[in-house]
Amino acid sequence: MTGKNKVKPPAKRRGWLKNDNHPGDFMKAPRCGAKNRRGTPCQAPAMKNGRSRLHGGTSTGPKTPEGIERIRQAHLIHGEYTKEAIASRKEFNALLRDLKESINEIDNKCEKIDIKI
C-alpha cells in the first residue's frame, strides 16, 4: 500500500463538551455508571449531577403555587370530577328529588278528587 491511503487521526476537540463537561477529549469525561437494562453500567458522559442525560433522575415537581396549579390544569381532562361539577350535580339531583316529590303529592291529591291528569 502506498502512503496515500493513510487515515489521519481525529483532530483534538476544542470548546466545551455537551452537558457541561469540560473541554477536551470526550473519552476522558466522567461516565454515568447507572445500571442499564442489560445490567451493565451506562457509558454515556455524566452531567453535573453524576448521571447521563438519560439517567438524570426524575423531576421533584413544581414547588410554587402557580406551578402546582399549572400541573393541575394540565392533568384536567374533562372536569367531570371537579368540586364544582360534583356540587352542581348534587344540587341538580336535590332539585329533581323535590320535583318528583311535588309531582307525587299532586298525583295523590288528584286521586282523592278523582281527577285524571
Given the structure, is Lys112 in a loop (DSSP other than H, G, I, E, B) and surrounded by fewer than 10 Cβ atoms within 10 Å (Cβ to Cβ)? no
I need a count of the residues in the range 37-76 that are in a loop (DSSP other than H, G, I, E, B), among the hydrophobic types (A, V, I, L, M, F, W, C) and modelled with pLDDT of 90 or more. 1
Do we find that Arg97 is in a loop (DSSP other than H, G, I, E, B) and at pLDDT 90 or above in this structure? no
Output the number of the condition that Ala87 fails; it satisfies all remaining conditions of (1) surrounded by fewer than 12 Cβ atoms within 10 Å (Cβ to Cβ); (2) assigned to a loop (DSSP other than H, G, I, E, B). (2)
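The values are calculated or read from the model by the stated rules, or taken from the named source; none is laboratory data. These numbers were taken from a predicted model, which means no experiment stands behind them. Backbone-built Cβ (ideal geometry, glycine too); neighbour counts: all protein chains shown.
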